[in-house]
Amino acid sequence: MSEAVIDDGVSPYGTRTKIHIATDTVIEQKTFDAEPLLQYAEQARQATDGQRWGEGRLVGTIPMAIYAHQFLNIRDNAERQKAIKAWLRENSKFVMFDKYLK
């Protein structure tokens, strides 16, 4: 079976889209590299270790591909914040301030 792949490139938010075309199927594949965000969050956790809460504190980072897909359509702000906190609890390596999860 022969397959053609069209690489549509990377979006401004870091999502790469590839289209795989086979004889009887077409598959759209979306991927992103979270490693830079994970490194950023780790550096922030180390830099804020032992610090107290403050106004404007950055508590986490979420890849835009995930934010747009899971949170952008939640209209109620309180529900969106609840969903984001749950996601950060499940994906704690994206947390930038450890006290946020306590």
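Of T61, T17, T25, all but one fail to be within 17 Å of the chain's Cα centre (by Cα) and farther than 17 Å from L101 by Cβ; the exception is T17. Restricting attention to the range 2-34, the residues that are in a loop (DSSP other than H, G, I, E, B) and not acidic (D, E) add up to 9.
From the list I74, I84, exactly one residue is closer than 27 Å to V10 by Cβ and in contact with a strand residue (DSSP E or B) (Cβ under 9 Å, 6 or more places away or on another chain). Which is it?
Exactly one residue qualifies, and that residue is I84.
What about E42, is it acidic (D, E) and either modelled with pLDDT of 95 or more or open to solvent by less than 80 Å² (accessible area, probe 1.4 Å) (or both)? So E42 fits the description; yes. Scanning the range 91-102 for residues that are open to solvent by 70 Å² or more (accessible area, probe 1.4 Å) and more than 26 Å from T17 (Cα to Cα) returns D98, K99, K102.
Condition check ((1) open to solvent by 50 Å² or more (accessible area, probe 1.4 Å); (2) in a helix (DSSP H, G or I); (3) in contact with an Asp or Glu (Cβ under 7 Å, 6 or more places away or on another chain); (4) under 21 Å from K99 (Cα atoms)) across all residues:
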position: P36; (1), (2), (3), (4): yes, yes, no, no
position: R52; (1), (2), (3), (4): yes, no, no, yes
position: E55; (1), (2), (3), (4): yes, no, no, yes
position: A65; (1), (2), (3), (4): no, yes, no, no
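Whenever a residue of the range 74-85 is surrounded by 14 or more Cβ atoms within 10 Å (Cβ to Cβ) and small (G, A, S), it has no partner that is modelled with pLDDT under 95 and assigned to a helix (DSSP H, G or I) lying with C-beta atoms less than 6 angstrom away and at least six residues away or across chains.
The values are calculated or read from the model by the stated rules, or taken from the named source; none is laboratory data. Everything quoted here is computed from the prediction, not taken from an experiment. Positions of Cβ are backbone-derived with ideal geometry, glycine not excepted, and every protein chain shown enters the neighbour counts. Side chains are part of the model used for accessible areas, which takes the heavy atoms of the whole protein and leaves out ligands, DNA and RNA. Shrake-Rupley method; radii C 1.70, N 1.55, O 1.52, S 1.80 Å.
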